[in-house]
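These notes are about the structure you will find just below.
Please treat every number below as a calculation from the coordinates, not as lab data. Here the structure is a predicted model, which is why all the values come from computation and not from measurement. FYI the Cβ positions are ideal-geometry reconstructions off the backbone, even for glycines, and counts take in every protein chain you see.
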Amino acid sequence: MSWTMQQIRELKVGRYIVVDGEPSKIIDISTSKPGKHGEAKARITAIGIFDGNKKSIVSPVTHKIQVPIIEKSNAQVVSIQGDEAQLMDLETYEMFTIPIPAEFKEKIEAGQEVMYQSALDRKSITRI
């Protein structure tokens, strides 16, 4: 389990939530007042950290939502095969292969240290 539960009223812009199974960063939260027959609702707009898609949800502020646990680590590039890089984590020495983001395709080289993030069994390079 790489997520926890948190009430929607406790969320803030810049934090992370899970929307449709995708870890996403909150870019906007707006709340409405409680109505005559209902409770206050929150509209959350978020962008997926791995796919970059914009997502929106509407839910009562008292409901709970999944919050992913995002781990950031350093790794060394072992080799590059086309659009994928084989990395070795510098703490655990774990080897794994992940796709190279478009902004890093020209800059990445074997032997270089990179920073990556992992959440919900997915990984991506964030910084060179």
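A few comments on the model shown:
- Residue list for region 55-69, given a label point 7 angstrom along the Cα-to-Cβ vector of Asp20 and an amide N cut-off under 18 Å: 55-59, 66-68
- With the simple spin-label model, which puts each label point 7 Å out from Cα in the Cβ direction, the Arg122 to Met95 separation comes to 2.6 nm.
- Distance (nanometres) between label positions extended 7 Å along Cα→Cβ at Lys72 and Lys55: 2.1 nm
- Note on Lys123: lysines with a C-alpha under 21 Å away, same-chain residues under 8 apart excluded, are Lys25, Lys54, Lys55, Lys72, Lys105, Lys107.
- Cα→Cβ-extended label distance, 7 Å offset, between Ser79 and Arg43, nm: 5.1 nm
- Once the chain from Met88 to Ile108 is taken as fully extended at 0.36 nm per residue, the excess over their C-alpha distance is 5.8 nm.
- Cross-link reach list, lysines versus Lys33, counting only Cα pairs under 20 Å and skipping chain neighbours closer than eight places: Lys12, Lys41, Lys64
- This ranking places Thr4, Thr45 by how few other beta-carbon atoms lie within 10 Å of each, fewest first, which gives Thr4, Thr45.
- Think of the chain as a dipole: +1 on every Lys or Arg Cβ, -1 on every Asp or Glu Cβ, centred on the Cα centre; then among Ile80, Pro68, Thr45, Thr45 lies furthest on the positive end.
- With the convex hull constructed from alpha-carbon coordinates only, the chain shows a mean projected area of 8.6 nm² over all directions.
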